[in-house]
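Please treat every number below as a calculation from the coordinates, not as lab data. Quick caveat: nothing in here was measured; it's all calculated off a predicted structure. Counting neighbours? That spans all protein chains shown, and the Cβs are built from the backbone with ideal geometry, glycine included.
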Amino acid sequence: MTMTSTAPPTPTETDVRRLNLEGREILLVGTAHVSRASVDLVRQVIEREEPDCVCVELDERRYQALSQRARWENLDLKRLISEKQLSTLLVNLILAAYQKKLGEQLGVLPGTELLEAVRAAEERSIPVALCDRDVRVTLRRAWHATSFFRKAYLVSALIVSLFEKTELTEEELARLRETDVLSELMQELGKTLPEIKEVVIDERDTYLAEKIRSARGNRVVAVVGAGHVEGIAKILEAGKGSDLEAINTIPPVSPAWKMLGWGIPALIIGALLLIAWRHGASTAGSSLLYWILANGIPCAIGAALALGHPLTIMTGFAAAPVTSLTPVIGAGYVTAFVQVMTRPPVVREFETVLDSMATLQGWWRNKLLRVFLAFLLPGVGSLVGTWIGGYEIFSTLLRP
């Protein structure tokens, strides 16, 4: 779409869906999150329509992140670790790093058109409604809905995306700038990962539609990704309300996983008691020592590979044998907490984290990323140690 300063073009039906619902007019502005044309289009629609309310496809956290209103100094890493939110933050940073890399090639950062919608509305004193679901709920529901093998696939794909150096051709860049490509990507996602598509697309279509429906005023402009327009329009035109509570909660851990989480520690402790009964206290003591070393050493090695503080390494060795016997907390959370306390990241490292993530060296140079390494590597070491120690204990138990 060609934009001129003298005569802004009227958006086509491909860009804007106009709905008339019981005396209310709702304009769905479908945008490409990486398109300069979308940024211009959003402002033009708001200036021309002068709506009673502007809805945007953002939740409070994403809005603060995009607008940089939440300063890095206010990010409490210790609280995030204690609430077991470190992995969620890491996924968000990986996605942000990928979007930043794409945005640099396209010449506009993803989400710019959403901020432009907010700015245009505020300039005209038009109320703004943040209509998207909390990104943490979306991520955790998507993770919960994904099978173990799909989880492995997604994690590997995220890791690979960090270090990809593929440069887009001019044809590919032009295609990405077109709004229709987002709809195609949504359809492709539904074919390959239907469970993810249901959470990330379908549920959010429902959530966005209900928030747009409840926005005040008779004329509403809603700025959303092009891939959401069709789904939102169908839901709004159907006229039936939806229960948002059902899709705005994080599903509890299944009883089977809880049983497994407590069952493995119970088996280990039970096996040690049986060893003491069958083979004597000395053999049980040796098995217990093996368990401590089998868990502590790999966890400490993981902390050392993360270039953790010496106290982090020692804490990993001491914590792993204990945390492996409880599903309440993992060794990685303990080592990450100690790393934050001993070597806290500075503001500059928060601000450069997305660039640092693009290189292997950056993960060890940036203190924030080193916290993640101090979370991941000791956790992997503890997991390996649990299997090694468990195997030795049950081998001893089954010995004649």
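In a solvent-free Debye calculation with one equal scatterer on each Cα, what is log10 I(q)/I(0) for the stretch 184-340 at q = 0.10, 0.11 Å⁻¹, listed in the order of the q values? Normalising to I(0) and taking log10 leaves -0.67, -0.73. Between the amide H of CYS55 and those of ALA129, VAL221, ALA222, VAL223, distances stay under 5 Å, these residues lying 5 or more places away or on another chain, with hydrogens modeled in the peptide plane. Relative to the current alpha-carbon distance between LEU293 and ARG278, full extension at 0.36 nm per residue lengthens the span by 3.1 nm.
Fully extending the segment from THR359 to GLU230 would add 42.6 nm, taking 0.36 nm per residue of separation and subtracting the current Cα-Cα distance.
A simple packing score, the average count of other Cβ atoms within 10 Å per residue, orders the peptides 53-65, 353-365 as 53-65, 353-365, with the highest score first. When its C-alpha radius of gyration is set against 2.2 N^0.38 Å (N residues), the stretch 255-398 gives a value of 1.21. Sorted into 10 angstrom bins from 0, the C-alpha pair distances of the stretch 233-283 split as 19, 21, 17, 14, 11, 9, 7, 2 percent. Ordering LEU19, LEU114 by the number of other Cβ atoms within 10 Å of each residue's own Cβ, fewest first, gives LEU19, LEU114.
Among residues other than THR283 with Cβ under 14 Å from its Cβ, the summed charge is +1 (Lys and Arg +1, Asp and Glu -1). With a threshold of 26 Å on the Cα-Cα distance, the over-threshold entries among LYS211/LYS234; LYS197/LYS234; LYS151/LYS240; LYS151/LYS258; LYS78/LYS197 are LYS151/LYS240; LYS78/LYS197.
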